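Inspection log for the structure reproduced underneath, given as structure tokens.
The values are calculated or read from the model by the stated rules, or taken from the named source; none is laboratory data. Predicted model only: the values in this text are computed from it and were never measured. Because the Cβ atoms are built from the backbone with ideal geometry, glycine has one as well, and the counts that use them run over all protein chains shown. With ligands, DNA and RNA removed, areas are computed over all heavy atoms of the protein, side chains included. Shrake-Rupley method; radii C 1.70, N 1.55, O 1.52, S 1.80 Å.
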Amino acid sequence: MRIHLSNGREVEAALLVAADGLRSAIRKRLLPGAEPRYAGYVAWRGMVDEAVLSAPVRERVFPHFVFDLPPHEQLVAYPIAGADNSVAPGRRRFNFVWYRPADERGALRDLLTDAEGRHWPEGIPPPRVRPEVLAAARHAAAEVLSPQCAEVIAKAANLFFQPIFDLESPRLAFGRVALLGDAAFVARPHCGMGVSKAADDASALAEALAGTAPVAEALQDYERRRQPEGTRIVAHARALGAYMQAQLQTAEERAMAERHRSPEAVMRETAMPITPGVAVD
Ligand SMILES: Cc1cc2nc3c(=O)[nH]c(=O)nc-3n(C[C@H](O)[C@H](O)[C@H](O)COP(=O)(O)OP(=O)(O)OC[C@H]3O[C@@H](n4cnc5c(N)ncnc54)[C@H](O)[C@@H]3O)c2cc1C
């Protein structure tokens, strides 16, 4: 197989693995119909140093995996290591993801437009987000979130957002070309599986190629193992995201929304006690 690179070089290869992410150029050529589909909401993200939190938030909120569930919005927050990878008390950070609906033609377009009026439909670089957009997000946090979570957002130095997409590929093997990781499937972040899914793809591909079958047959084997799994993960994450989805376009979305659209359902489906004897409350 001959591969033509954008810098003009040509490479001879027995196998091409397209692990080039959500906007995969290789997938676009092989599966032009498999485009990322906007989910109807964005995720505001950021981190706060444990040390800058007020004493009540540091003592009563920071140690936990926190859910805040205003209608059709969801915030999850949890402690992570500090900037120097420290897990020592006082040097850790609180990480949050706050999902908010944003209509594709109205609010989303505005969020993705920078100060010079340039629109970034595939995701705006964080430094280009307009200051008034950041100020509006902090203002909304104070209006809709609990005071503890609003404090976390107010103190986040690096507030940024990403639009949430679903991506499914009906095929992963094309002769001696394989799609892998986010190039093949992107699930909404609710199940936190992006990295492990890509690693499982890589491991399944290596196993399929370890046998004596020709490369094209090994890739068919890889596709049989990973395509249904990718479909299942994307569907599960989509169901978990139904709580945020303002516009329900298909019968499947409406059915999922009925099952997943209450705070109780979100907690039942997403949260689980990880310390024996400690209940989710
Ligand atoms: C803000 C954010 C937070 C996330 N948090 C989590 C999390 O907490 N846990 C989790 O499991 N997942 C998380 N994810 C998802 C996770 O990052 C992805 O699922 C994972 O990185 C997919 O790995 P990948 O190797 O398939 O693709 P990527 O990590 O996207 O890697 C693709 C690579 O291909 C390169 N590339 C693209 N085009 C070309 C080209 N034409 N030529 C050469 N190279 C190219 C890119 O530069 C990149 O290095 C998060 C994603 C985002 C955006």
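A few points about this structure:
- Point-charge dipole on Cβ atoms (K/R +1, D/E -1) for the chain, about Cα centre, debye to 20: 260 debye
- With the charge dipole of the chain set up from +1 on Lys and Arg Cβ and -1 on Asp and Glu Cβ about the Cα centre, the Cα lying farthest toward the positive end among the listed residues Gly33, Met267, His72 is that of Gly33.
- Within the chain, antiparallel bridges make up roughly 90 percent of the DSSP beta bridges whose residues both belong there.
- Other residues within the sphere of radius under 15 Å centred on the Cβ of Arg2, judged by their own Cβ, net out at +1 (K and R +1, D and E -1).
- With all protein chains modelled, accessible area of His190 [1.4 Å, Å²]: 30 Å²
- Among Trp98, Asn85, Gly117 - extreme Cα towards positive end, dipole of segment 38-165, charges at beta-carbon: Asn85
- In this structure, the amide hydrogen of Phe160, modeled 1.01 Å from its nitrogen in the peptide plane, lies closer than 5 angstrom to those of Arg45, counting only residues at least 5 positions away or on a different chain.
- Amide H contacts of Ala18 (H built 1.01 Å from N, in plane; Pro and chain starts excluded): Ala178, Leu179, Leu180 sit under 5 Å, all sequence-distant by 5 or more or on other chains.
- Cβ-derived FRET efficiency at R0 45 Å, Ala235 paired with Ala14, nearest 0.05: 0.85
- Global geometry of segment 1-105, whether rounded, prolate or oblate, following the gyration tensor of its Cα atoms and the 1.5 cut on a/c: oblate
- Percentage relative contact order, the chain, counting C-alpha pairs under 8 Å, at least six apart: 21 percent
- Helix-only [θ]222 nm of the chain, DSSP H runs n ≥ 4, -39500 (n - 2.57) each, per residue, nearest 500: -11000 deg cm²/dmol
- With DNA, RNA and ligands ignored, accessible area of Leu22 (1.4 Å probe; Å², nearest 10): 40 Å²
- Paramagnetic label zone (point 7 Å from Cα along Cα-to-C-beta, Arg105; backbone N under 18 Å) in segment 33-64: 38-41
- The phi-based Karplus calculation (6.51 cos²θ - 1.76 cosθ + 1.60; θ = phi - 60°) puts the 3J(HN,Hα) values of segment 10-23 at 10, 10, 8, 8, 8, 8, 10, 9, 8, 10, 9, x, 3, 9 Hz, whole numbers, x for Gly and Pro.
- Exposure rank, largest accessible area first [Glu264, Glu229; 1.4 Å]: Glu264, Glu229
- Residue-wise HN-Hα couplings along segment 135-150, as the Karplus relation 6.51 cos²θ - 1.76 cosθ + 1.60 with θ = phi - 60° gives them from phi, are 5, 5, 5, 5, 5, 4, 4, 5, 7, 10, 8, 5, x, 5, 6, 4 Hz; Gly and Pro carry x.
- For segment 38-165, a simple Cβ point-charge model (Lys and Arg +1, Asp and Glu -1, everything else neutral) yields a dipole of about 220 debye relative to the Cα centre.
- For segment 1-152, the relative contact order is 18 percent, taking Cα pairs closer than 8 Å that sit 6 or more residues apart in sequence and dividing their mean separation by the residue count.
- For the pair Ala135 and Arg224 in one chain, pulling the backbone fully straight at 0.36 nm per residue adds 27.3 nm over the alpha carbon distance.
- Computed from backbone phi with θ = phi - 60° and the Karplus coefficients 6.51, -1.76 and 1.60, the 3J(HN,Hα) list for segment 84-94 is 9, 6, 6, 10, 6, x, x, 10, 8, 10, 10 Hz; x is used for glycine and proline.
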